[in-house]
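Inspection log for the structure reproduced underneath, given as structure tokens.
The values are calculated or read from the model by the stated rules, or taken from the named source; none is laboratory data. Note that the structure is predicted; figures quoted are calculated from it, not measured. Using ideal geometry, Cβ is built from the backbone for each residue, glycine included, and neighbour counts are taken over all protein chains shown. In case anyone asks, the SASA skips ligands and DNA or RNA and just uses the protein heavy atoms, side chains included. Shrake-Rupley method; radii C 1.70, N 1.55, O 1.52, S 1.80 Å.
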Amino acid sequence: MTPREVIALSREKEIQTVNLRFADLFGTWQQISFPVAHLEETLFEDGTGIDGSQYQGWCSIENGDLLLLPESETAFVDPLCSVPTLALICRVNDPVTGEPYPRDPRHIARQAENFLRSTAVAEVANFGPLTEFRVFSEAQFAQDSAEGYYHLASPNGTRHESSYQNPLHAHHDDTNGHTDGALPGEVDISTEVLLALQGCGLEVTSQHYSAVTGHGAAQFVPQSLLLMADWTMIYKHVVRQVARRRGLKATFMPQPVLGQPGNAMNVHFSLWRDEHPLFAGNGYGGLSETGLHAIGGILRHAPALAAFTNPTTNSYKRLVPGTGAPIHLACGLGNRSVACRIPAYSANPAAKRVEYRTPDASCNPYLAFAAITMAAIDGVENKISPGTPSDRNLFATHERASYRRMPESLAEALQALEADGDFLVRGDVFSAELIETWIATKRQQDVAALRLRPHPFEFCLYFDA
């Protein structure tokens, strides 16, 4: 869609408001709005200024000017706004140099695509994440110097039991939310999400929602890296807004409820050239050497990747034994207990892919998808072996001791990124400065901040000690 076509669309749909949307460094969708009367073709060339210093991890206050440039091909009419609203996703530029801002997540995703094309590995990286969420009828929480608590209730109003259960012995729910126990009328939230996603132009292949547990997910027709990152941001916006309109609270927090399945983002990934799938072959699981080496790169760099694919302290409350989240760095055909599952559903070459099962939905998809692509490139170029595949349930067998594991904390993941970030800076995809900023900010704002605060469970353990 050209700028002129965007303006014509705004007239056809009687648009009243225009939203310019962009993701900050840590994956929060920001926006600025203005009346449609100010939507002109020059906006797409000249952009509009913002104060970058108000967004965490971006500019300092003495050098805070940034330029938003809407991308006309991203335009869609937001079906969830109360007045007719046109949404445009933006790139971010330095207004002085005119160059892309190196901490703009969309720029990093685009750079990863460009770098892939510059190699002999492939032309396109396709992504099809299955991204999970949780809905609550109540979600109350607070934290200050003399108070710290949370209170959650399921969609039917039932409070989640707060008695302590050791996560090591937590029951793994193999249904992962795929239940038919919906309350009358409540399943409509799933339909409303689906219709809203289609209204935004997203192509959904499957979805599920359980009104009993409040657990849901959607998967999309695979798309290129940048486009799927855009779609993931739109999806998270849609889920939150649909829930809000129903008086519910939706979250993509990795592990909001103790002892129950968390919110994963199972990333289906493949490489293509000339519209030809490069992962299909005669090797293990029906994969080619390219596919197996791509898995090898992902597994080799998984601890460093975790700083972007599992970027919160809460992420590692999901990545523990017994919760159903894969923590062992192995691959396997149809094996959901390993980090890299090779789906066994179809022999169609176009369906050959790897499902990277460790990421979660708290990540910034632009950075996570870019990092996964860079790890796969490194694996293919250096012919990194994926190791011995496993056909065993690594949740239960002693065989798991022979496999490396995911980091056990965000602090450990940041250490891994610090030691193994060279594969990310190739082709100026991730800058060394951005990686340093990410590590420093996460250590201060997440790791140290949590370590300093008394935890509510510590009162159960120690108050009367």
Report summary line: The ³J(HN,Hα) series, computed from each phi in the stretch 138-147 with the Karplus coefficients 6.51, -1.76 and 1.60 at θ = phi - 60°, rounded to the nearest Hz and given as x for glycine or proline, is 9, 8, 10, 7, 7, 8, 8, 5, 10, 7
Report summary line: Taking GluC sites (Glu not before Pro) in a DSSP loop with at most 14 other Cβ atoms within 10 angstrom as exposed, one finds the longest site-free stretch of the chain at 276-407
**Report entry** Cα gyration tensor shape of the stretch 3-61, rounded if a/c is under 1.5, else prolate or oblate by comparing a/b with b/c
**Finding:** prolate
Report summary line: With all protein chains present, the chain has a carbon and sulfur share of its accessible area (1.4 Å probe) in percent of 49
Report summary line: Whole-Å distance linking the alpha carbon centroid of the stretch 351-407 with that of the stretch 220-295 is 13
Requested in this report: Determine the order of H237, H301, H38 by accessible area, beginning with the largest, at a probe radius of 1.4 Å.
Outcome: H38, H237, H301
Query raised in the report: Which parts of the stretch 85-114 would a label at Q444 reach, counting a residue when its backbone N lies under 20 Å from a point 7 Å out along Cα-to-Cβ?
Result: 102-105
Report summary line: Beyond 28 Å (Cα-Cα) in this structure, taken from K13/K249; K317/K383; K383/K442; K352/K442; K236/K442; K352/K383, we find K13/K249; K317/K383; K383/K442; K352/K442
Query raised in the report: Among rounded, prolate and oblate, which fits the chain when a ≥ b ≥ c are the square roots of the eigenvalues of its C-alpha gyration tensor, a/c under 1.5 means rounded, and a/b larger than b/c means prolate?
Result: rounded
**Report entry** Shape call, the stretch 296-451: gyration tensor on alpha carbons, a/c limit 1.5
**Finding:** oblate
Query - Over the stretch 26-106, volume per residue of the alpha carbon convex hull, in Å³ - result: 112
Query raised in the report: Along the charge dipole of the chain, Cβ charges K/R +1 and D/E -1, which of L278, G332, V447 sits furthest on the positive end?
Result: G332
Requested in this report: Keeping every protein chain in place, order S385, S154 by accessible area at 1.4 Å, biggest value first, i.e. largest first.
Outcome: S385, S154
Query raised in the report: If we count chymotrypsin sites (Phe, Trp or Tyr not before Pro) as exposed when they sit in a DSSP loop and have at most 15 other beta carbons within 10 Å, what is the longest stretch of the chain that avoids them all?
Result: 165-344
Report summary line: About its Cα centre, the chain carries a charge dipole, from +1 on Lys and Arg Cβ atoms and -1 on Asp and Glu Cβ atoms, whose size in debye to the nearest 20 is 1200
Query raised in the report: What whole-number value in Å² describes the accessible area per residue of the stretch 9-68 for a 1.4 Å probe?
Result: 54
Report task. Kindly sort T213, T28, T373 by accessible area of their heavy atoms, largest first, with the probe set to 1.4 Å. Result -> T28, T213, T373
